[in-house]
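Chemist: Submitted below is the structure of interest, expressed as structure tokens.
Please treat every number below as a calculation from the coordinates, not as lab data. Just so you know, these numbers come straight off a predicted model, no measurement behind them. So basically every Cβ, Gly included, is an ideal-geometry build from the backbone, and we count neighbours across all protein chains shown.
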Amino acid sequence: MRILLLSRTHISRNPRARTLMRSLMRAHHEVVAVCGAGTGPVEPDLDVIQVPARRPAGLGRLGWMLRRIQPKWLRQRIFDEALRRTAQRIGADLVYPLGNNDLSLAMSIIGEGSAVFREPNWPSAGSHDLVNIAPGNPRFGQGAGAAESGLYTSRTSTPGSSPDQDRHRGSSLALVFHRTTTTPAQYLEQAAQRAGIDVTVHDGKLDWTTVAADTDAVVFVESPYPPIEVEGSNIHGIPVLYWVHHGEHHLAANLRLTDTYQADAVLLAHSWHLAHRFPVPVHRFPFAVAPELAAAAHPFADRSNDIALVGAGVEGGGGRYARRHHLVTQLQSRFPDTSAFAYGVAPQQMIGLYGNSRLVLNDGGDRHHPITMRIFEAIGAGAFVLTDPAPGLELLFDPHRHYEIIADDVAVQAARLVVDPETALAAAAAHDYAMTHHTYDHRIDDLMTIVATTEPFSTHSAEATAGIVGVVWGDPDVQEIAVFGEPDLAAALPTHVVWDGPTLLTSRPQRMVDAVVIGADQEPVLTQAIQRARRFVYAAAALGDQAWAHASALHPQARRTDTSDVVRIDLGADSYRLRPADHPLAGS
């Protein structure tokens, strides 16, 4: 596709923009940026068109006078019109406004058949919003190199059934994931075994020398960090797939892990508007109902709870689950004795709770647009789902019969549904439909179809693994880095957003980043630098003890790892990471 990045400010001030351009170029797109003119340098590999903020240009003293006497509102209008005309000449298929304030400008230049990309917490881009367009539009919903990216589980497909056992006998799969109580990989494993597939599970590590040459495919599953450790190489050319479970807030990590795992194709559980970001073919591969988890549910009329939800944020707090907590508060007020909201319960307890509830509330948070596992868990337990708009869900279930979108007054909506006899019928219809279309047994059939059409896709970058670059690359959830005293690091980490540390300290006093890198001669800024890190500190070995003293004082739960030239300090921040049992935050 031809992709346009649009910004009123010059991209030399925005390392995120430059990283985004290179990421899109790696995914085989033609990428152009149109932005306000500036004085900063533009790298020669980037196609950037600069538009002067003050017009008319030239005309000597007359032009100078005209530019000087323009009121601010007129200058802005003239500038926006110049940006708009320049951007329209690009003829982009997809427009990326680089800030919320650029969204309206992007929408004003979009053409028929084109789309606008926007962040989850921005306003909708209307009929051109990629989030809503991509699920039903193969042009925007597939990754690189795919002639067709199938949604094999569409509700418009032929009537479903319960697949026969042993139907794939003779096939073999290697599944690679961290064994946890909540990973959906365990249900894929059990479904594959029911289908007669010879399944080998590699828990947290893959040694290619242990993978049989006749294995049909190796499937990595997005797991809590640290990432899967990989040793050796795929000398037999076995197809490699990577099942991605999260959207925007884990996108940078999943792009890097696609390279690390040398994936030939990506299986995307949801957020199908992100398919164009991957440099390999993308297939839509949603979560599903695990038949072995869906224990016998109570009859709908006899259920104790009117509404339930298991998930983070139900007990309070702001951030990404602020809306969820607001909804829960409304429902608890309306159903003080017949609502059940919990967090951190085991899967069997969760299904037991849903199986004793008439309604299940689903809110995916504000960091991405997921078709969550909760939707399938609730439907599998026979509850009726009340959900936020989950783009693409309408391709899997019927929004008029199988679920409802959360209304403005969710308490009134829920009160209506629990007394409406049609709700029980709708919940039963959704359950029956899921059991004949959307179990992990059906997903195994989809998976084997994908495996049969997957070919090697060798466009992965060979990233350095030594020194500070290798240490940073080993933490794939690190995206934004502030660098102190390592001037060459930005060029060595082209897929990361790299800020100049001293500039960050002076120009952005409140800015936090995922990690900071501190060179050997940076002792004067050590404390200030560490205060800007959310997750990791990487310090030259010469400063290791001092960095550890400062970091552990600020973050008592921090953990330290030493290599020959780098001290890596994990601050133990709240992120999607698997921690050892003795870690202070284990199980949180």
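Chemist: Using a simple spin-label model with points 7 Å from Cα along the Cα→Cβ vector, what separation in nm is obtained for Arg508 and Asp207?
Modeler: Between Arg508 and Asp207, the simple spin-label model gives 4.3 nm.
Chemist: Considering only DSSP beta bridges where both residues belong to the chain, give the percentage that are antiparallel (nearest 5).
Modeler: So the antiparallel bridges amount to about 10 percent of the total.
Chemist: How much length, in nm to one decimal, is gained on full extension between His28 and Ala520, taken as 0.36 nm per residue of separation minus their Cα-Cα distance?
Modeler: Difference between extended and current length: 173.3 nm.
Chemist: With a point put 7 Å past each Cα toward its Cβ, work out how far Arg179 is from Gln50 in nm, to one decimal.
Modeler: Calculated label separation equals 5.8 nm.
Chemist: Report Rg(Cα)/(2.2 N^0.38 Å) for the range 70-123, keeping two decimals.
Modeler: Normalised Cα radius of gyration, the range 70-123: 1.20.
Chemist: If you don't mind, there's one more thing I want to ask. Taking the dipole about the Cα centre of the range 300-438, with the C-beta of Lys and Arg at +1 and of Asp and Glu at -1, give me whichever of Ala340, Val418, Ala322 is farthest to the positive side.
Modeler: Ala322
Chemist: Cα centroids of the range 432-457 and the range 500-566: how far apart, whole angstrom?
Modeler: Taking the Cα centre of each part, the range 432-457 and the range 500-566 sit 45 Å apart.
Chemist: Counting other beta carbons within 10 Å of each Cβ, put Met373, Met1, Met107 in order, fewest first.
Modeler: So the residues, fewest neighbours to most, are Met1, Met107, Met373.
Chemist: With N set to the number of residues, divide the alpha-carbon radius of gyration of the range 505-552 by 2.2 N^0.38 Å and report two decimals.
Modeler: Output field value: 1.05.
Chemist: Taking a ≥ b ≥ c as the square roots of the eigenvalues of the Cα gyration tensor of the range 300-438, is the shape rounded (a/c under 1.5), prolate (a/b larger than b/c) or oblate?
Modeler: Judged from the Cα gyration tensor, the range 300-438 comes out rounded (a/c under 1.5).
Chemist: Something else: To the nearest whole percent, what portion of all C-alpha pairs in the range 324-402 is separated by more than 18 angstrom?
Modeler: When all Cα pairs of the range 324-402 are counted, 43 percent exceed 18 Å.
Chemist: While we're on this one: Charges only on Cβ, +1 for Lys and Arg, -1 for Asp and Glu: so what's the dipole of the range 2-128 about the Cα centre, in debye to the nearest 20?
Modeler: Value, rounded to 20: 720 debye.
Chemist: Relative contact order for the range 300-438 using alpha-carbon pairs under 8 Å, separation at least 6, rounded to a whole percent?
Modeler: Relative contact order, the range 300-438: 25 percent.
Chemist: Still on this structure, I have one more. Arg13 to Ser108: extension gain in nm, 0.36 nm per residue of separation minus the Cα-Cα distance?
Modeler: Stretched fully, the Arg13-Ser108 segment lengthens by 31.8 nm.
Chemist: At Glu422 and Gln348, where each label point lies 7 Å from the Cα along Cα→Cβ, what is the point-to-point distance in nanometres?
Modeler: Those two pseudo-labels are separated by 3.9 nm.
Chemist: Can you list, largest first and rounded to whole Å, the semi-axes you get for the chain by taking the square root of 5 times each eigenvalue of its Cα gyration tensor?
Modeler: For the chain, the ellipsoid semi-axes come out as 41, 31, 26 Å.
Chemist: Add -39500 (n - 2.57) for each DSSP H run of 4 or more in the chain, then divide by its residues: what number comes out at 222 nm, to the nearest 500 deg cm²/dmol?
Modeler: -9000 deg cm²/dmol
Chemist: Hand me the trypsin sites (Lys or Arg not before Pro) from the range 226-288 located in a DSSP loop with no more than 10 other Cβ atoms within 10 Å, in residue order please.
Modeler: none
Chemist: Work the Kirkwood hydrodynamic radius out for the range 151-306: mean of 1/r over every pair of different alpha-carbon atoms, inverted, in Å.
Modeler: For the range 151-306, the Kirkwood estimate is 17.2 Å.
Chemist: Using a Förster distance of 41 angstrom, determine the FRET efficiency expected from the C-beta separation of Gln76 and Glu455, and round it to 0.05.
Modeler: 0.20
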